Structures are given as C-alpha cells and as structure tokens.
Amino acid sequence: MAEYKSDPHKVWPTGLTEAESEEVHRNLIQGTQIFGFIAALAHLFAYIYSPWLK
Amino acid sequence: MIYGKIWCVVKPSVGVPLFLSAVAIGSFLVHLMLLTHTTWVPRFLEGRPAAAVKAASDTGGAPPPPVVAQKSQS
C-alpha cells in the first residue's frame, strides 16, 4: 500500500478521502430526491387521470 | 451528512450501480405486478374499444364514458 503512505487522508478499501466520500453521497442523495419528486408527481397524475384507487 | 462516509468502504463503482439497479428493478416489478394482478390496469391501458367509439360517432351521440371514469374491479 504505497499509495496509503502518500496520502494519509485516504481511507481503504476504496482509497477515497472522507471529503470525497461525502461528495459522492451528497450527489447520490440529491439525485434520489429529484427522482423521488418526479416519481411523486407521476403518481399524482396517475391518481388524477387513471382509475387507480377509485 | 449521515452515512456520508460509506463510500470509504464501498466502492462507488459497485455501490452506486447496485443502488440504482435495486431502485429500477424494484419499481419495475411493482408496476409489472400491478399489470398482471389487477384487472383495471390492463383495461385502462387498452383504452376505449374502437367499435364503441365508431358506433357513437356514427349515430351522432355522445361517446361512451372514458375508461378512466370506470370503477375498478380490484
């Protein structure tokens, strides 16, 4: 693990730093929120315009 | 951010596609089950029968009520 010695902030097994890990996570959460919003809107339209739950 | 350090132990190249696949497969299966285990989803997607629409337009009467207005069977 020569790379480990070169950057003490990197965490193994992935080799990402904590800041990089949190950046990945932030983007994933934001994508999930956008997906969830669009899905909720689609379900609202399905509720209004289809026989679902009627 | 809660659980923000998970990508220090799970490779994003493995974890992100796994997460997105789980969401995609889960939602696909829910909608597939709705299609195959209810009567109203296939009927709704089928739309109004073409013969009924043609008969209504020939007689000049009002078209039959749309499928969306029907009560569901299940």
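The numbers here are math on the coordinates, done by the rules we state, and not lab data. The shown structure was predicted, so the numbers you read here are calculated from the model rather than taken from an experiment. Note that each Cβ is placed from the backbone with ideal geometry, even for glycine, and that neighbours are counted across all protein chains shown.
The residues neighbouring B:Ile6, those whose beta-carbon lies less than 14 Å from its own, together hold a net charge of -1 under the Lys/Arg +1, Asp/Glu -1 convention.
Taking each residue as 0.36 nm, the span from B:Ala51 to B:Lys5 lengthens on full extension beyond its C-alpha to C-alpha distance by 10.5 nm. Once the gyration tensor of the Cα atoms in the stretch B:10-69 is diagonalised, the equivalent ellipsoid follows with semi-axes of 44, 11, 7 Å, ordered largest first.
Only helices enter this figure: runs of n ≥ 4 DSSP H residues, each worth -39500 (n - 2.57), summed and divided by the residues of the protein assembly as shown, yield -20500 deg cm²/dmol at 222 nm to the nearest 500.
Other protein chain C-beta atoms within 10 Å of residue C-beta, averaged over B:1-14: 6.
The amide H of A:Leu16, built 1.01 Å from its N in the peptide plane, has A:Val11 as neighbours under 5 Å, considering only residues 5 or more places off or on other chains.
Computed on the Cα atoms alone, the convex hull of chain A gives a volume of 80 cubic angstrom per residue.
By other beta-carbon atoms within 10 Å, ranking B:Leu18, A:Leu53 with the fewest at the front produces A:Leu53, B:Leu18. The residues A:Thr14, B:Thr39, when put in order of fewest to most other Cβ atoms within 10 Å, stand as B:Thr39, A:Thr14.
When Rg and the Kirkwood radius Rh are both evaluated on Cα atoms of the protein assembly as shown, their ratio Rg/Rh stands at 1.30.
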